[in-house]
Amino acid sequence: MKNILLIGGLLTTLSMADVIGGEVDIGYYNHAPSGWVQYKGDVVDLEKDLKWSDEGDIFLKAYLEHPLPILPNIKLGYNKFGHSGSGEVTKGFSFGGESFGIGTDVDTEFDLKMYDLTLYYEILDNWVNLDLGLNVKYLDGFISVKGTNILTQQLIDEYSEIKTPIPMLYAKAQFDVPSTDLSFLAEGNYVSYDGNTLYDAQLGVRYSFLLGLGLEVGYKAMKIKLNDIDDLSMDSDFTGAYGQLVWDF
């Protein structure tokens, strides 16, 4: 009897293994900034005042899908995201209650790490695929502005943290072109409430090779609009091309 149960359990495990699948992606994202930020002072332009320009960062994603119809599938994500700049102030501004006058040399930095946990269901699973679910994105980062007071020669160093979880809606659609190894994809998260808006979305085309390996390229966009969260307001867009390696197992 024990042997029968053991064999039955083994067969069940093997059967589950045939239907459990997932995907692992590693990619690189080039992002150009636009917009403004405000922290206890003036509205500051990201490009003109903070001297930010195009940057590139990595992102990771992992999906796990199982055969149990009641439980949702799981997606995990990590995105390192940042901008920095330095130069001479051509239009005076205040940040963090400190004034950065014309002629001040400033060094600025934006460092943001984003962690994603998504629970989703497969609504369609054929040559047209559709996933819908809920995402929690945790933002962990800061914005800093450093400079030297022209008159006193004292260092000015102002710093604002961003540490907050944000619940979002999630959707992904994939269209597999019949009789080819090409797929077109759209994926994103979105939320808007109380004057705050956050979304990240990407549109891409994928070519699949052997053993589930593939290459995907496309366009990625992210918006961060914060309305007076811990004295920080921000309305910024980051857009650019991306490329990623894919392992679909």
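The values are calculated or read from the model by the stated rules, or taken from the named source; none is laboratory data. Computed from a predicted model, the values in this text were never measured in an experiment. In this analysis, Cβ positions are derived from the backbone assuming ideal geometry, glycine residues included, and neighbour counts consider all displayed protein chains. Calculation scope for accessible area: heavy atoms of the full protein, side chains included, ligands and nucleic acids excluded. Shrake-Rupley method; radii C 1.70, N 1.55, O 1.52, S 1.80 Å.
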| said: Considering only residues that are open to solvent by 20 Å² or more (accessible area, probe 1.4 Å) and touching a Phe, Trp or Tyr at 6+ places or on another chain (Cβ under 6 Å), which ones fall in segment 221-230? | reply: K223
| Filter result for the condition that a residue is aliphatic (A, V, I, L, M) and in a strand (DSSP E or B), over L245, L211 | L245
| query | If L210 passes every condition in (1) open to solvent by 80 Å² or more (accessible area, probe 1.4 Å); (2) of a type in the set (A, V, I, L, M, F, W, C); (3) under 14 Å from the mean Cα position of the chain (by Cα); (4) modelled with pLDDT under 95 but one, which one does it miss? | reply | (3)
| K61, sole failed condition from (1) of a type in the set (K, R); (2) in a strand (DSSP E or B); (3) farther than 16 Å from N135 by Cβ | (3)
| query | Can you tell which of N189, N196 is farther than 19 Å from K61 by Cβ, out of contact with any Pro (no Cβ under 6 Å at 6 or more places or on another chain), open to solvent by less than 40 Å² (accessible area, probe 1.4 Å) and in contact (Cβ under 8 Å) with a residue 24 or more places away in the chain? | reply | N196
| message | If I filter segment 213-236 down to residues being of a type in the set (D, E) and modelled with pLDDT of 95 or more, which single residue comes out as farthest from S34 (Cα to Cα)? | response | E216
| query | Of the residues V136, V89, V106, V145, which single one is out of contact with any Leu (no Cβ under 8 Å at 6 or more places or on another chain) and hydrophobic (A, V, I, L, M, F, W, C)? | reply | V89
| remark: By residue number, the members of segment 46-63 that are under 24 Å from the mean Cα position of the chain (by Cα), surrounded by 14 or more Cβ atoms within 10 Å (Cβ to Cβ) and touching a residue at least 24 places away in the same chain (Cβ under 8 Å) are L46, L50, K51, W52, E55, D57, F59, L60, K61, A62, Y63
| query | Can you name the strands (runs of 3 or more DSSP E) wholly within segment 73-176 that have at least 3 residues being surrounded by fewer than 17 Cβ atoms within 10 Å (Cβ to Cβ) and within 25 Å of the chain's Cα centre (by Cα)? | reply | 73-88, 105-125, 128-148, 155-176
| query | Does F238 satisfy being touching a Ser or Thr at 6+ places or on another chain (Cβ under 9 Å) and assigned to a strand (DSSP E or B)? | reply | yes
| request: Starting from segment 105-129, take each residue that is closer than 12 Å to Q174 by Cα and list its partners that are in a strand (DSSP E or B), counting only C-beta distances under 6 angstrom and pairs at least six apart or across chains. | output: E122/D131; I123/L130; I123/L132; L124/L130; W127/D176; V128/F175; N129/Q174
